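Let me begin by presenting the structure, written as structure tokens, before commenting on it.
The values are calculated or read from the model by the stated rules, or taken from the named source; none is laboratory data. Computed from a prediction, not measured in an experiment: that's the story for all the values here. Quick reminder, even Gly has a Cβ in these numbers, built from the backbone with ideal geometry, and neighbours come from all protein chains shown. Surface accessibility is based on the protein's heavy atoms, side chains included, excluding ligands, DNA and RNA. Shrake-Rupley method; radii C 1.70, N 1.55, O 1.52, S 1.80 Å.
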Amino acid sequence: MWTIEIILAMLAVGAFAGFIAGLLGIGGGMIIVPVVLWVLQLQGLQGLSHAQHIAVGTSFAVMVFTTFSSVLAQNRKGAVDWHIVRNMAPGMVAGVVLGAILAQFISNRALQIFFVVFTVVIALRTLANVKPKPSRHLPERMGLSGVGALFGLISSWVGIGGGSLSVPFMLYCNVPVHRAVGTSAGLAWPIAVAGALGYLISGWGVAGLPAGSLGFWYLPAVVVLSVATVLFAPLGVKVSHKLPSEKLKLAFGLLLLVIAAQMLWKMWG
């Protein structure tokens, strides 16, 4: 049963997810997925066999709107490097699709351990402000496409948006932090679209889904969360561009540690 308290709580969480997405160039899925699971629990649907699929599918559907709002705001600031987006995005989308196909053959625990170690190392390097060699730069078109495919593959397997990978990669290649965050927002949108369509199709016709579902999208949650994220993503972008580079790097490093901790929590559970 939907109550005003539930709606207000979802709006507050959506506002926070949108703000973080705009601030750091991510999709906000790590915040939205647990909220959707909480809503399903309040509806008495915690035992639903496809609860996790609905949570992730709904998160992707919300991120379509969140990342679009974020990238528009970043583009107005001139912070999106469309050359990087054009060359990395097709590979990332292909990686997401390929990852979904290959996921059944991969050990989930091994992937989670790899991602936690990788994320912690990158977070510590970011927080320690390790400077890359001045001569290091972004690879050419084929290299960017290959890196994008790898990031899409990993994102698909571990359920984390590409921003947590693409921003550290761009910083490693001496892309200024504000431009890296803005460009990451541009990369997040096609991944969100691919993920949302994938969960829409895979959930189409599945029996036993709650009322208001479209595939694995839970439409009431999509509407409420999207309204809040779209409104607050531009605010996150505005704050991002007011922060000095070092403080923005600090915020991103701390976010990576939170993501790693969340993954560890899932593994422990």
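Looking at region 163-177 only, could you name the residues that are out of contact with any Ser or Thr (no Cβ under 6 Å at 6 or more places or on another chain) and open to solvent by less than 40 Å² (accessible area, probe 1.4 Å)? Please lay out each step first, then the result.
Taking region 163-177 first, the residues out of contact with any Ser or Thr (no Cβ under 6 Å at 6 or more places or on another chain) are 164-165, 168-176.
Hits for region 163-177 are 164, 165, 168, 169, 170, 171, 173, 175.
Does residue 78 qualify as being more than 18 Å from residue 11 (Cβ to Cβ), part of a loop (DSSP other than H, G, I, E, B) and of a type outside the set (S, T, N, Q)? Write out each step before concluding.
Working: more than 18 Å from residue 11 (Cβ to Cβ): yes; part of a loop (DSSP other than H, G, I, E, B): yes; of a type outside the set (S, T, N, Q): yes.
Yes.
Give the residue that is nearest to residue 55 (Cα to Cα), with candidates limited to residues of region 120-156 that are in contact with a Phe, Trp or Tyr (Cβ under 8 Å, 6 or more places away or on another chain) and either part of a helix (DSSP H, G or I) or among the hydrophobic types (A, V, I, L, M, F, W, C) (or both). Explain how you work it out, then say what you get.
Within region 120-156, the subset in contact with a Phe, Trp or Tyr (Cβ under 8 Å, 6 or more places away or on another chain) is 126, 132, 136, 147, 151, 154.
Pick out the ones that are also either part of a helix (DSSP H, G or I) or among the hydrophobic types (A, V, I, L, M, F, W, C) (or both) and you get 126, 147, 151, 154.
Details: 126: 30, 147: 28, 151: 22, 154: 19 Å.
By that ranking, first place goes to 154.
State which residue pairs qualify: first residue of a type in the set (D, E, K, R) and inside region 163-189, second residue open to solvent by 10 Å² or more (accessible area, probe 1.4 Å) in any location, beta carbons under 6 Å apart, and separation of 6 or more residues or different chains.
Qualifying pairs under 6 Å: 179/81.
Among the residues that make up region 218-241, is at least one of them more than 20 Å from residue 27 (Cα to Cα) and either part of a loop (DSSP other than H, G, I, E, B) or touching a Lys or Arg at 6+ places or on another chain (Cβ under 8 Å) (or both)? Break it down stepwise before answering.
Here is the first cut: in region 218-241, the ones more than 20 Å from residue 27 (Cα to Cα) are none.
No - not one qualifying residue is present in region 218-241.
Of the numbered conditions (1) hydrophobic (A, V, I, L, M, F, W, C); (2) touching a residue at least 24 places away in the same chain (Cβ under 8 Å); (3) open to solvent by 60 Å² or more (accessible area, probe 1.4 Å); (4) over 19 Å from residue 156 (Cα atoms), residue 79 fails exactly one; give the number of that condition.
Going through (1) hydrophobic (A, V, I, L, M, F, W, C); (2) touching a residue at least 24 places away in the same chain (Cβ under 8 Å); (3) open to solvent by 60 Å² or more (accessible area, probe 1.4 Å); (4) over 19 Å from residue 156 (Cα atoms) one by one, residue 79 breaks only (3).
When you go through 197, 219 one by one, which is the residue that is surrounded by fewer than 19 Cβ atoms within 10 Å (Cβ to Cβ), at pLDDT 85 or above and over 22 Å from residue 3 (Cβ atoms)?
Of the residues listed, the single one that is surrounded by fewer than 19 Cβ atoms within 10 Å (Cβ to Cβ), at pLDDT 85 or above and over 22 Å from residue 3 (Cβ atoms) is 197.
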